[in-house]
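These notes are about the structure you will find just below.
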Amino acid sequence: MRYDFASDNTAGMCPESLQAILEADTGHLPSYGNDHWTQRASDAIRALFERPCEVFFVFNGTAANSLALASLCQSYHSVICHELAHVETDECGAPEFFSNGTKLLLAAGELGKLHPDEVERLVRKRTDIHYPKPKTLSITQSTECGTVYSLAELAELRERARSLGLKVHMDGARFANACASLNESPGRIVESAGVDVLSLGGCKMGMALGEAVVFFNLELAEDFAYRCKQAGQLASKMRYLTAPWVGMLAEGHWLRHARQANAMATRLAQGLSSNGVEVLYPVQSNAVFVTLGEERIQRLRDAGWAFYQFIGTGGARFVCPWNTSAQAVDELVEAVRSSS
Ligand SMILES: *Cc1c(COP(=O)(O)O)cnc(C)c1O
């Protein structure tokens, strides 16, 4: 089978993160994050956002999201998110579990995006004591549909969240792709959305594993280290989780990889649509969703191509990881063409 387009996570490590791991693999260093690699990685993330923030490193995105949301909510609160949000569809109830019962309230919205009016409708629908109190808005940037919120859209959500008394969480598993797509700095994106806590993706950006939880609302970070430890998310040999951040964030490697991933998705979408395939969402990051008939899907699978169908609102999803080549894209386009 060919897994080139099945997920961001079918790709290996980018050279910069591998190199950093090798460099970190020398000598005896303090454990549990008290090493200089972890210090450097935290500083690199602060420099990336150009503002004060508290940074924590966890093993994966489910942990980052669910622990971040737990730090924003009490058990009797609720989180408003899109109905296709990863926290709802792909985390096995971890946000509810780690927050001891915080409820997710699902908002519909075109192209995988939340609309401020729908957020407000959910907040105002019930305000009585018998219903969990809405406390946090969770925005995914880039979205699960491969679209990207503009700065103006984020600012509208920020204003609505503020007027409704909601804190803001951002699921940035593909935050790098959003930066590349918008050609905006990380700081401007989180500022536009008024992000209190960001789950910043490392894995899909080209690392072997690991995500960062970044608190711009510094007060909320109090005790977060304990929350990570209790949840089994405190790495003892932390340097292996943090050195890759130092490597990736140096010299804009992360952005270069994200641009490549996005460009390959655009190439794929163009190749497919010029062969008469319907593309379901605007391709603004590194994923392409298309409608393929059942027969075509079967022939593509028989020809050895792996891809998902249950993500988004259906259709076949092709994701371009950081190292997607133009040649691989062209081979997939040809395979789809000849499957009709
Ligand atoms: C991949 C992804 C995550 C992280 O998933 P894990 O498998 O837990 O690392 C989180 N949010 C979104 C939108 C994702 O696509």
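The values are calculated or read from the model by the stated rules, or taken from the named source; none is laboratory data. These numbers were taken from a predicted model, which means no experiment stands behind them. Note: ideal-geometry Cβ built from the backbone for every residue, glycine included; neighbour counts use all protein chains shown. Please note that ligands, DNA and RNA were not included when accessible areas were found on the heavy atoms of the full protein model with its side chains. Shrake-Rupley method; radii C 1.70, N 1.55, O 1.52, S 1.80 Å.
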### Query
If you go through segment 64-92, how many residues are within 11 Å of the ligand (Cβ to nearest atom), under 27 Å from residue 235 (Cα atoms) and open to solvent by 10 Å² or more (accessible area, probe 1.4 Å)?
5
### Task
Can you tell me which residue among 139, 129 is more than 20 Å from the chain's Cα centre (by Cα) and not aromatic (Phe, Trp, Tyr)?
129
## Note on the structure
Reported set for segment 203-212 where residues are assigned to a loop (DSSP other than H, G, I, E, B) and at negative phi is 203, 204, 205, 207, 208, 209
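Each row is one residue, and each column tells you yes or no for (1) farther than 20 Å from residue 205 by Cα; (2) in contact with a helix residue (DSSP H, G or I) (Cβ under 8 Å, 6 or more places away or on another chain); (3) aromatic (Phe, Trp, Tyr).
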{"position": "9", "(1), (2), (3)": "no, no, no"}
{"position": "14", "(1), (2), (3)": "no, yes, no"}
{"position": "46", "(1), (2), (3)": "no, no, no"}
{"position": "56", "(1), (2), (3)": "no, yes, yes"}
#### Entry: Odd one out for residue 226, checked against (1) aromatic (Phe, Trp, Tyr); (2) surrounded by fewer than 23 Cβ atoms within 10 Å (Cβ to Cβ); (3) in contact with a helix residue (DSSP H, G or I) (Cβ under 9 Å, 6 or more places away or on another chain)
(3)
### Task
Inspect all residues belonging to segment 48-62 and state whether any of them is closer than 28 Å to residue 135 by Cα, open to solvent by 50 Å² or more (accessible area, probe 1.4 Å), within 15 Å of the ligand (Cβ to nearest atom) and outside the structural domain of residue 316 (by TED's automatic domain parsing).
yes
### Query
Regarding residue 13, is this residue in contact with a Gly (Cβ under 7 Å, 6 or more places away or on another chain) and either of a type in the set (Gly, Ala, Ser) or at pLDDT below 95 (or both)?
no
### Task
For residues that are over 19 Å from residue 225 (Cβ atoms) and within 18 Å of the chain's Cα centre (by Cα), tally how many sit in segment 35-60.
2
